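Below is one structure, written out as structure tokens; comments come after it.
The values are calculated or read from the model by the stated rules, or taken from the named source; none is laboratory data. Note that the structure is a prediction, hence the values are computed from the model and not measured. Note: ideal-geometry Cβ built from the backbone for every residue, glycine included; neighbour counts use all protein chains shown.
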Amino acid sequence: MKRIIPIVICAFMALASCQKKNAPLFRGDYSFKTSGSVTLEEIVPQGETGETFTVGLPNEIGQLEISTLDNGKDSVLVVMNTMGGEVVVTHAFCKDNEIFLRDFKKNTLLFTGDTITLKNEVRVHATGQMYEDNTLILNMTYDGEAATNNRDFKIHGDDIRMAAIRN
């Protein structure tokens, strides 16, 4: 009995140390889908009232690749390749089962419901968490500005999600 206890403790410690965390947990190729909405607030001279409305973002699908940068410590390179769209490259920091992306810029199309389409560049702030070692959920915030038909708009959205499943 006295010999079994140290063996069991060693086996438990060995298994516990095998758990992936930080960058190795996130490294890999994923398929993703992004959806959400943003608010457009018309920029008008002080004292005037502009329009404000919420529009849904077109769903984006594509491939996401996360590669380690520093021998598996905590820094990674994130490459998002949107189908029919652009490629976005940014760096990220990983801690345990969370990932914190460096802010980046991306292009997006917004359809306002009438015949106005806004193509604009937004700044994206994103953080996420890994679930079940194969599902990454990113919570994103978009901020930017757009202009069309002599009207200017502020863009803000903090209800944007990316679900990425490891391939």
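Which of the residues that make up region 13-32 are at negative phi, modelled with pLDDT of 90 or more and touching a Lys or Arg at 6+ places or on another chain (Cβ under 9 Å)? Steps first, answer last, please.
Of the residues in region 13-32, the ones at negative phi are 13-21, 23-27, 29-32.
This time we only want the ones that are modelled with pLDDT of 90 or more, so: 26-27, 29-32.
Listed by number, the residues that qualify are Phe26, Arg27, Asp29, Tyr30, Ser31.
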### Query
Looking at Thr68, Thr39, which is the one that is at pLDDT 90 or above, more than 20 Å from Lys106 (Cβ to Cβ) and among the hydroxyl-bearing types (Ser, Thr, Tyr)?
Thr68
### Task
Note down all Cβ pairs under 8 Å where the first residue falls in region 92-106 and is under 18 Å from Asn81 (Cβ atoms), the second is at pLDDT below 95 and acidic (Asp, Glu), and they're at least six residues apart or on different chains.
Lys105/Glu121; Lys106/Glu86; Lys106/Glu121
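Would you check if Thr90 is among the hydroxyl-bearing types (Ser, Thr, Tyr) and over 13 Å from the mean Cα position of the chain (by Cα)?
Working: among the hydroxyl-bearing types (Ser, Thr, Tyr): yes; over 13 Å from the mean Cα position of the chain (by Cα): no.
Taking the combined requirement at face value, the residue does not satisfy it.
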## Note on the structure
Log entry, pairs with first residue in region 67-90 being of a type in the set (D, E, K, R) and part of a loop (DSSP other than H, G, I, E, B), second being surrounded by 15 or more Cβ atoms within 10 Å (Cβ to Cβ) and at pLDDT 90 or above, beta carbons closer than 8 Å, six or more apart or on different chains, reads Asp74/Phe93; Asp74/Cys94; Glu86/Lys106
